[in-house]
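Asks: My questions will all concern the structure given below.
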Amino acid sequence: MTTEGFRVLEEKSLIEYIKATPSLASKLGNDLENLKVKEVGDGNLNFVYIVISPSASIVIKQAVPYVRLIGESWPMTKERSYFEATALKRQYDLSPKHVPQLYHFDRSMSLIGMRYLEPPHIIVRKGLVAGVKYPLLAQHMSDFMANTLFYTSLLYLTTTQHKAAVADFCANVEICRLTEQVVFSDPYKISEHNRWTSPYLDADAEAIRNDKVLKLEVGQLKSKFCEQTQALIHGDLHTSSVMVTQDSTQVIDPEFAFYGPMGFDIGAFVGNLFLAYFAQDGYADDRKTYKEWIKCTIGDTWNLFHQKFTSLWDMHKDGPGEAYLHEIYQDTELWELVKQKYMIGLLHDSLGFAAAKMIRRIVGVAHVEDFESIGDPVKRADCERSALDFAKMLMKKRRNFNTITDVLSAV
Ligand code: ADP
Ligand code: SR1
Ligand code: MG
Ligand code: MG
């Protein structure tokens with residue numbers, strides 16, 4: 001893909017762009033005289049605008065050819081926008097209640113138009129920092145993950161369909177390399193981008209760089225991330241990729257999507273809930289019952305996912321999926337064993353990836369508001385150390401856990 005036709009838009013030029021683009025203009029009720037535009041991007045990579053006309057609102061997201069968090073010194077393909085648009089559409093088709101609708105995609109401009117998730121939708125990480133409970137979060141996220149992961153896996157697709165889908169996404173290579181670097185490599189070596197709450201965590205960061213067992217484990221997880229084409233994964237399913245109200249849960253920002261291990265998505269979400277859990281002790285008010293709610297949400301997310309995913313599998317057991325052919329596995333006992341083995345493997349992967357995602361947010365380049373909002377560095381470091389110690393244990397001992405309840409008891 002060339003850079004031909006690409007220009008970075010800002011508030012004024014975006015309005016001109018919308019006026020010249022019928023698919024966006026119509027979403028704004030063709031009411032284009034008094035458009036209000038506000039840049040709200042608080043993510044690490046892109047620019048996001050809310051565009052408000054007197055009768056409707058939309059969101060425009062544009063990728064620029066670098067990592068926004070760092071600046072132009074860290075180039076990054078803007079083709080990520082193509083994979084985001086493609087994945088957003090696929091995930092909307094598979095889980096329409098939990099994904100905003102794609103309105104428009106312009107590949108040469110790396111520009112997406114989509115549904116505006118109107119207030120009171122907020123990023124769930126912000127809700128977790130504020131101590132707000134979302135009673136439907138586990139229910140909705142398990143729905144999203146069960147549907148998007150099952151229907152794009154070989155449990156549902158033929159090998160021909162699956163290979164074609166893998167091929168469609170395998171060019172999202174640069175963004176995968178970013179994850180390989182910042183999640184699986186940099187935290188385990190000296191890197192110019194790494195940072196942590198210094199000097200309090202200096203020894204903890206060094207201990208990670210010297211931990212041979214941890215390095216063996218993270219190497220296995222990295223291999224799995226690079227080699228396994230299990231399903232179309234979101235690829236960046238942390239708690240800032242989820243917007244919520246009390247009764248709505250919406251998954252945004254799938255620019256990291258590719259065919260990878262399912263556990264990377266489940267682990268990203270669960271790992272970030274664990275980060276929220278360990279951050280609670282750094283906040284001024286008493287968060288005892290809130291911490292219990294986060295633990296319950298982690299347990300419910302896995303258990304509901306397990307239930308929904310295996311139900312989909314049962315429902316389609318004599319469908320097109322070619323991984324486990326019905327004529328070979330129709331014996332009831334054998335069928336139960338197949339599912340049990342698959343799901344326990346998935347739990348172990350999810351725990352390993354959860355741990356990797358926790359560690360990278362404490363000693364790697366990109367940090368999270370859960371801890372960053374704790375002003376006192378001593379308190380922050382204490383919370384971060386508890387999270388790090390738990391994550392290290394989880395990565396090393398993940399295969400010893402047979403249920404999520406066992407994991408939660410180990411917190
Ligand atoms: P990045 O890829 O840079 O992380 P995101 O897609 O996560 O960008 O978007 C950054 C921010 O923009 C989100 O945290 C959210 O506040 C806002 N945002 C993104 N998409 C929408 C949407 N569809 N509706 C409302 N706000 C959105
Ligand atoms: C430079 S790392 C930026 C991070 O932000 C994205 O949301 C991904 O998590 C990525 O690892
Ligand atoms: Mg984001
Ligand atoms: Mg993003």
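The values are calculated or read from the model by the stated rules, or taken from the named source; none is laboratory data. Bear in mind the structure is a predicted one, so any value in this text is a computation, not a measurement. No Cβ is skipped: glycine too gets one built from the backbone with ideal geometry, and neighbour counts run over all protein chains shown. Just so you know, the surface numbers come from the protein's heavy atoms only, side chains and all, with ligands and any DNA or RNA stripped out. Shrake-Rupley method; radii C 1.70, N 1.55, O 1.52, S 1.80 Å.
Asks: Just give me the residues in the range 81-99 being within 16 Å of ligand 4 (Cβ to nearest atom) and within 15 Å of the chain's Cα centre (by Cα), in sequence order.
Replies: Of everything in the range 81-99, those that are within 16 Å of ligand 4 (Cβ to nearest atom) and within 15 Å of the chain's Cα centre (by Cα) turn out to be 83, 84, 87, 88, 91, 99.
Asks: Something else about it: How many residues, within the range 149-165, are open to solvent by 30 Å² or more (accessible area, probe 1.4 Å) and aliphatic (A, V, I, L, M)? Reasoning before the result, please.
Replies: Taking the range 149-165 as the starting set, the residues that turn out to be open to solvent by 30 Å² or more (accessible area, probe 1.4 Å) are 151, 154, 156, 158-161, 163-164.
Next cut, aliphatic (A, V, I, L, M) only: 154, 164.
Result for the range 149-165: 2.
Asks: Mind telling me which of the residues 106, 93 ends up being crowded, with 17+ Cβ neighbours inside 10 Å and not basic (Lys, Arg)?
Replies: 106
Asks: Still on this structure: Quick one: how many residues across the range 132-168 are in contact with a helix residue (DSSP H, G or I) (Cβ under 8 Å, 6 or more places away or on another chain) and part of a loop (DSSP other than H, G, I, E, B)?
Replies: 9
Asks: Here is a further query. Please go through (1) farther than 30 Å from residue 162 by Cβ; (2) part of a helix (DSSP H, G or I); (3) in contact (Cβ under 8 Å) with a residue 40 or more places away in the chain; (4) within 23 Å of the chain's Cα centre (by Cα) for residue 393 and return the number of the only condition it doesn't satisfy.
Replies: Failed condition: (3).
Asks: May I pose another question? Output the residues belonging to the range 282-318 that are open to solvent by 30 Å² or more (accessible area, probe 1.4 Å), assigned to a helix (DSSP H, G or I) and closer than 19 Å to residue 369 by Cβ.
Replies: Across the range 282-318, the qualifying residues are 291, 293.
Asks: Does residue 18 qualify as being farther than 14 Å from residue 81 by Cβ, more than 16 Å from ligand 3 (Cβ to nearest atom) and open to solvent by less than 50 Å² (accessible area, probe 1.4 Å)?
Replies: Values: farther than 14 Å from residue 81 by Cβ: yes; more than 16 Å from ligand 3 (Cβ to nearest atom): yes; open to solvent by less than 50 Å² (accessible area, probe 1.4 Å): yes.
Judged against the criteria, residue 18 is a match.
Asks: Considering the range 195-210 alone, what residues qualify as being over 18 Å from residue 396 (Cβ atoms) and surrounded by 15 or more Cβ atoms within 10 Å (Cβ to Cβ)?
Replies: Those that are over 18 Å from residue 396 (Cβ atoms) and surrounded by 15 or more Cβ atoms within 10 Å (Cβ to Cβ): 195, 196, 197, 200, 201.
Asks: Moving on to the next point. Mind checking whether some residue in the range 52-61 is in contact with a Phe, Trp or Tyr (Cβ under 7 Å, 6 or more places away or on another chain), open to solvent by 30 Å² or more (accessible area, probe 1.4 Å) and either part of a strand (DSSP E or B) or of a type in the set (Val, Ile, Thr) (or both)?
Replies: Yes, some residue in the range 52-61 is in contact with a Phe, Trp or Tyr (Cβ under 7 Å, 6 or more places away or on another chain), open to solvent by 30 Å² or more (accessible area, probe 1.4 Å) and either part of a strand (DSSP E or B) or of a type in the set (Val, Ile, Thr) (or both).
Asks: Scan the range 130-148 for residues that are surrounded by fewer than 22 Cβ atoms within 10 Å (Cβ to Cβ) and either touching a residue at least 24 places away in the same chain (Cβ under 8 Å) or under 12 Å from residue 309 (Cβ atoms) (or both) and jot them down. Let's see the steps before the verdict.
Replies: First, the residues of the range 130-148 that are surrounded by fewer than 22 Cβ atoms within 10 Å (Cβ to Cβ): 130-136, 139, 143, 147.
Hits for the range 130-148 are 131, 133, 134, 135, 136, 139, 143, 147.
Asks: To continue, here is another question. Is it the case that residue 80 is outside the structural domain of residue 370 (by TED's automatic domain parsing) and open to solvent by 60 Å² or more (accessible area, probe 1.4 Å)? Even if it seems obvious, please write down each step before you answer.
Replies: Details: outside the structural domain of residue 370 (by TED's automatic domain parsing): yes; open to solvent by 60 Å² or more (accessible area, probe 1.4 Å): no.
Criteria not met by residue 80.
Asks: Next question, about the same structure. In the range 112-128, is there at least one residue being part of a loop (DSSP other than H, G, I, E, B) and in contact with a helix residue (DSSP H, G or I) (Cβ under 9 Å, 6 or more places away or on another chain)?
Replies: no
Asks: Among the listed residues 104, 140, identify the single one that is in contact with a strand residue (DSSP E or B) (Cβ under 7 Å, 6 or more places away or on another chain) and in the same structural domain as residue 17 (by TED's automatic domain parsing).
Replies: After applying the criteria, what remains is 104.
Asks: Right, residue 59: among the aliphatic types (A, V, I, L, M), touching a residue at least 40 places away in the same chain (Cβ under 8 Å) and in the same structural domain as residue 110 (by TED's automatic domain parsing) or not? Give the steps one after another, and end with the answer.
Replies: On the way: among the aliphatic types (A, V, I, L, M): yes; touching a residue at least 40 places away in the same chain (Cβ under 8 Å): yes; in the same structural domain as residue 110 (by TED's automatic domain parsing): yes.
Spelling it out, residue 59 is indeed among the aliphatic types (A, V, I, L, M), touching a residue at least 40 places away in the same chain (Cβ under 8 Å) and in the same structural domain as residue 110 (by TED's automatic domain parsing).
Asks: Still on this structure, please answer the following. Can you pull out every residue in the range 1-59 that is among the small types (Gly, Ala, Ser) and in contact with a strand residue (DSSP E or B) (Cβ under 7 Å, 6 or more places away or on another chain)?
Replies: We begin by selecting, within the range 1-59, every residue among the small types (Gly, Ala, Ser); these are 5, 13, 20, 23, 25-26, 29, 41, 43, 53, 55-57.
If the condition is that a residue be among the small types (Gly, Ala, Ser) and in contact with a strand residue (DSSP E or B) (Cβ under 7 Å, 6 or more places away or on another chain), then 23, 41, 57 are the ones that fit.
Asks: Being under 13 Å from residue 117 (Cα atoms) and away from ligand 4 (no atom under 11 Å from the Cβ) is the filter here, so list the residues in the range 227-246 that pass it.
Replies: 242, 243, 244, 245
Asks: State the number of residues belonging to the range 211-265 that are part of a helix (DSSP H, G or I), crowded, with 20+ Cβ neighbours inside 10 Å and within 17 Å of the chain's Cα centre (by Cα).
Replies: The total comes to 6.
Asks: Here's another thing I want to ask about it. Those residues that are surrounded by fewer than 24 Cβ atoms within 10 Å (Cβ to Cβ) and either within 16 Å of ligand 1 (Cβ to nearest atom) or under 30 Å from residue 314 (Cα atoms) (or both), I need them from the range 365-397; list them, please.
Replies: 365, 366, 367, 368, 369, 372, 373
Asks: Same structure again: Say whether the condition of being assigned to a helix (DSSP H, G or I), in contact with a His (Cβ under 6 Å, 6 or more places away or on another chain) and either surrounded by fewer than 18 Cβ atoms within 10 Å (Cβ to Cβ) or modelled with pLDDT of 95 or more (or both) is met by at least one residue in the range 267-281. Working first, answer last.
Replies: Residues of the range 267-281 assigned to a helix (DSSP H, G or I): 267-281.
Narrowing the set further to residues that are in contact with a His (Cβ under 6 Å, 6 or more places away or on another chain) leaves 268, 272.
Those left that are additionally either surrounded by fewer than 18 Cβ atoms within 10 Å (Cβ to Cβ) or modelled with pLDDT of 95 or more (or both): 268, 272.
Looking for residues that are assigned to a helix (DSSP H, G or I), in contact with a His (Cβ under 6 Å, 6 or more places away or on another chain) and either surrounded by fewer than 18 Cβ atoms within 10 Å (Cβ to Cβ) or modelled with pLDDT of 95 or more (or both), one finds at least one in the range 267-281, hence yes.
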